[in-house]
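Participant: The following block contains the structure, expressed as structure tokens.
The values are calculated or read from the model by the stated rules, or taken from the named source; none is laboratory data. Small disclaimer: the values here were computed from a predicted structure and weren't measured. Note that each Cβ is placed from the backbone with ideal geometry, even for glycine, and that neighbours are counted across all protein chains shown.
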Amino acid sequence: MGRWRLSRRKLLFLCVLCTSLLLFLHLPTSPHHFSLSPSSTLCLSRLHRISWTQSPSPAWSWAKSENCRFRRFSRKHASELLRGAWILAAGDSQARLVVLALLRLLLDPTEVSTVEPDLFRRHSDYHITLPDRGIRVDFIWAPYESNITWLLRDIRHTRHYPDLLILGSGLWHMLHITNPSLYGTALTEIKQEAVSLLEPSGSLHPHMFWLGLPKLVNSKLNTEEKKEKMTGNMLEAYNWEVKWRGMPKGSSGPFMLLDIGLLTRGCGPLCTLDGMHYDGAVYDAAVNIMLNSMLIESQ
Ligand SMILES: *[C@@H]1O[C@H](CO)[C@@H](O)[C@H](O)[C@H]1NC(C)=O
């Protein structure tokens, strides 16, 4: 099986999308130090500038941005970009919701309704292949950081690298361990494993994404224990660890941060029933940000 990479056709598609960025073609040679053109860096930093409307249901759009033409992906375009890709997501329910959003983009609505019950079997893994497009999506239930570290270690040992890696956890740690600095230590281990994944495979490294924690609406949390432990201050301390331990690229880390915190604050408290899991629009925005960032970075 040939590894997935941006083919000429995908690049052509990319030209149509981001004409303004085409002047600079930087293929990543060294994963840590490859440089992006100033306009690419600018556009990456603007990807999260999204505005929200609420009626009749939550909807998002990108704020107008002069030099960046972001693209809302259709099924066809997402299939084109991801043709032949192995997408591996691991983490808690936020990661599961991102996988659902991705499948909503790739499948038609009737297919999604058959997929959903399996995807949402509590605390379980989920696998699907779309043979017509050569796409494989795996979700690994990994509520704790150590679960993710082990998974990355496995990947390193088997040398079987996914093309996209989408990771995120923290809510279980916050509820059951409730200790930001221990969370930070656990993140450091994930980061070390992730960085070592980048090294041997040279320019064919996976695109790696880290899901930030959602905004927690304390009054809506559905148990007393959650209300007590998952406070605004605790959330802030956990978020701070993600930055301070250098997970995101902006802080010298290996991950592009999908800032679920920002998106959930943007969508607002009306977008969540249980104070923690949000309307599908939030995760749809995250998936579109992810795909656009891959396009920008591939130049
Ligand atoms: C995740 O890690 C915890 C703590 O190390 C462990 O008890 C649990 O079995 C692991 N879960 C999975 C799904 O690997």
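Participant: So which helices (runs of 4 or more DSSP H) are wholly in the stretch 216-299 and hold at least 1 residues that are at pLDDT 95 or above, closer than 17 Å to Trp172 by Cα and under 18 Å from the mean Cα position of the chain (by Cα)? Step through it out loud before you land on a result.
Facilitator: Working: elements: 224-229, 232-244, 260-267, 280-297.
The qualifying helices (runs of 4 or more DSSP H) are 232-244, 260-267.
Participant: If you go through the stretch 51-74 one residue at a time, do you hit one that is within 16 Å of the ligand (Cβ to nearest atom) and either more than 30 Å from Val195 (Cβ to Cβ) or modelled with pLDDT of 95 or more (or both)?
Facilitator: Checked the stretch 51-74: no residue is within 16 Å of the ligand (Cβ to nearest atom) and either more than 30 Å from Val195 (Cβ to Cβ) or modelled with pLDDT of 95 or more (or both).
Participant: Determine the pairs where a residue that is on the phi > 0 side of the Ramachandran plot, located within the stretch 126-149, has a partner that is modelled with pLDDT of 95 or more and of a type in the set (Gly, Ala, Ser) with Cβ atoms under 6 Å apart, the partner being 6 or more residues away or on another chain.
Facilitator: Partner pairs satisfying both residue conditions: Gly134/Gly84.
Participant: Of a type in the set (Val, Ile, Thr), touching a Leu at 6+ places or on another chain (Cβ under 6 Å) and buried (at least 18 other Cβ atoms within 10 Å of the Cβ), is that true of Ile148?
Facilitator: Spelling it out, Ile148 is indeed of a type in the set (Val, Ile, Thr), touching a Leu at 6+ places or on another chain (Cβ under 6 Å) and buried (at least 18 other Cβ atoms within 10 Å of the Cβ).
Participant: In contact (Cβ under 8 Å) with a residue 24 or more places away in the chain, over 27 Å from Gly184 (Cα atoms), of a type in the set (Lys, Arg) and surrounded by fewer than 21 Cβ atoms within 10 Å (Cβ to Cβ), is that true of Arg104?
Facilitator: Considered against the rule, which asks whether it is in contact (Cβ under 8 Å) with a residue 24 or more places away in the chain, over 27 Å from Gly184 (Cα atoms), of a type in the set (Lys, Arg) and surrounded by fewer than 21 Cβ atoms within 10 Å (Cβ to Cβ), Arg104 comes out as yes.
Participant: Next question. If Ser79 meets every condition in (1) under 19 Å from His205 (Cα atoms); (2) within 18 Å of the chain's Cα centre (by Cα); (3) more than 16 Å from the ligand (Cβ to nearest atom) apart from one, which number is that one?
Facilitator: (1)
Participant: Further question: Can you name the strands (runs of 3 or more DSSP E) wholly within the stretch 114-186 that have at least 3 residues being within 14 Å of the ligand (Cβ to nearest atom) and under 18 Å from the mean Cα position of the chain (by Cα)?
Facilitator: Hits in the stretch 114-186: 135-141.
Participant: Another question, then. Whether any residue in the stretch 19-37 is in contact with a Phe, Trp or Tyr (Cβ under 6 Å, 6 or more places away or on another chain) and either part of a helix (DSSP H, G or I) or at pLDDT 90 or above (or both) is what I want to check.
Facilitator: Going through the stretch 19-37, the residues in contact with a Phe, Trp or Tyr (Cβ under 6 Å, 6 or more places away or on another chain) turn out to be 28, 37.
Retained after the next criterion (residues that are either part of a helix (DSSP H, G or I) or at pLDDT 90 or above (or both)): none.
Checked the stretch 19-37: no residue is in contact with a Phe, Trp or Tyr (Cβ under 6 Å, 6 or more places away or on another chain) and either part of a helix (DSSP H, G or I) or at pLDDT 90 or above (or both).
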